[in-house]
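Participant: First the structure, which I've put down as structure tokens, then a few questions once you've had a look.
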């Protein structure tokens, strides 16, 4: 019986101690309820990433977002200075754009044979998605 009384007394003292730290105007129920931060509003629009300089030239990505969903990805700037640049990027850029649309994020695969372009594309993509409030 003494143990039960001791436990009840400790519970009351604990509740009073907690109540003493609750700011005025806030109920104990409100103070006990954890607050979750509101998610930021989903942005819509076209966001241009920073140009990223690679060994062969700059790469820049533009991302169109509607209600938080990536609807279009383009690379308006990429290396085309040599015939080899044109050959590689004619294949790599559309593949990278498609990867982003499928992944709906910056979690894309590298393109073998176009590592420099893929690196620049990724860095510019991260910049554009950051401006859009996405990852």
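Coordinate-derived values only; no laboratory data. Note that the coordinates shown come from a computational prediction; the quantities given were computed from them, not determined experimentally. Quick reminder, even Gly has a Cβ in these numbers, built from the backbone with ideal geometry, and neighbours come from all protein chains shown.
Participant: Using the per-residue mean of other Cβ atoms lying within 10 Å as a proxy for protection, in what order, highest first, do the peptides 70-76, 127-133, 58-64, 107-113 fall?
Facilitator: 58-64, 127-133, 70-76, 107-113
Participant: Give me the log10 of I(q) over I(0) for region 45-132 at q = 0.13, 0.15, 0.23 Å⁻¹, as the Debye formula computes it from C-alpha points; what are the numbers?
Facilitator: -0.35, -0.46, -1.06
Participant: Once fully extended, how much extra length lies between residue 84 and residue 115, figured as 0.36 nm per residue of separation less the alpha-carbon to alpha-carbon distance?
Facilitator: Length gained, residue 84 through residue 115: 9.8 nm.
Participant: Any chance you could run the full-extension gain for residue 58 through residue 44? It's 0.36 nm times the residue separation minus the Cα-Cα distance, nm to one decimal.
Facilitator: 2.4 nm
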